[in-house]
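Structure first, commentary second.
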């Protein structure tokens, strides 16, 4: 399977270097996601109206409950933190021509790895927190490397392998949390609580994990646009044959990109464990990796744009419960809106309708992600 560079598809992704992209590309990169979100909210509003609730009232409840007070803002940042990192994980893959949809499994193994490192060792705080995060990253990288090696050296589709590895990861962490790593004398499936020296503290109302996610996002924005290795990632994603002709090790680059992608997803799981749950519990991490796909596409494979995209999703996730309590609407309407956003932002029809006069005849999503 060959995946074309997102910048060259009808998805409307910008140039790998945002500063080098033309003004029309920059306009597209903002208008298409914004139009997709608004269209998804419009359809969601129709569904809400059919339930007998004013859509404007429902959306006011959704956003005001999440952003209307200090506790709500903190909760939004907590929910957004792993989403930024899983969005980055998918973004790195897309920029290298890979569709890593295994971020959920990579996040889970990273989360349980960080939990084990958090409760199994006694260290000073300044050492314990980085150690647990790095260990979670290594677990995520190792898990993603399985798909990376198969893709690079055996030409096995990373879409298929990451889907399968997601299922294996879910079963594996459930087994580990219920057997060898289970908290003693506890009926629930969970690991022991991490040591106090491994807990990520808050900086005022801001979770320190959110600060870490912001820094990592900015770093990868610079890394992909300004470094030699970032150039290799972009070049392999743009044209593997040209990259090989230029002397870039395509197989090595693909393997490394998958490992980096898995490390970012593993970091998302580690930060969630160390900063939010305080231990590993399988149910607390459901869906975070899959939301990363929505965020990466909404951000147009731009690392820095994953921040506002994750904040939007985090806000909606945070306000979903209040939506049910105050209006009687089922919180699953948020899932519907997010699914519609993913559909519209990924479908080339949005870009074609908005930019029909300027659209070029390039590879579609189906041929780019599913072609040979």
Legend entry - Only listed residue being modelled with pLDDT of 90 or more and either within 18 Å of residue 342 (Cα to Cα) or surrounded by 14 or more Cβ atoms within 10 Å (Cβ to Cβ) (or both), chosen from 40, 21, 7, 35: 40
Inset, instruction - Those residues that are closer than 14 Å to residue 110 by Cβ and over 21 Å from the mean Cα position of the chain (by Cα), I need them from the stretch 130-155; list them, please. - result: 131
Inset, instruction - Evaluate the stretch 55-72: report whether one residue or more is more than 22 Å from residue 310 (Cα to Cα), buried (at least 16 other Cβ atoms within 10 Å of the Cβ) and at pLDDT 90 or above. - result: yes
Inset, instruction - Name the one entry in 90, 61 that is more than 28 Å from residue 322 (Cα to Cα), in contact (Cβ under 8 Å) with a residue 60 or more places away in the chain and not in a loop (DSSP other than H, G, I, E, B). - result: 90
Legend entry - Qualifying position, being loosely packed, with under 14 Cβ neighbours inside 10 Å and at pLDDT 95 or above, among 167, 142, 149, 198: 167
Legend entry - Among the candidates 218, 264, 274, residue that is touching a residue at least 40 places away in the same chain (Cβ under 8 Å), surrounded by 21 or more Cβ atoms within 10 Å (Cβ to Cβ) and either over 24 Å from residue 162 (Cα atoms) or out of contact with any helix residue (DSSP H, G or I) (no Cβ under 8 Å at 6 or more places or on another chain) (or both): 274
Inset, instruction - Give 91, 81 a once-over and let me know the one that is in contact with a strand residue (DSSP E or B) (Cβ under 9 Å, 6 or more places away or on another chain) and buried (at least 24 other Cβ atoms within 10 Å of the Cβ). - result: 81
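The values are calculated or read from the model by the stated rules, or taken from the named source; none is laboratory data. None of the values given here were measured: they were computed from a predicted structure. As a convention, Cβ positions derive from the backbone with ideal geometry for all residues, glycine included, and neighbour counts pool all protein chains shown.
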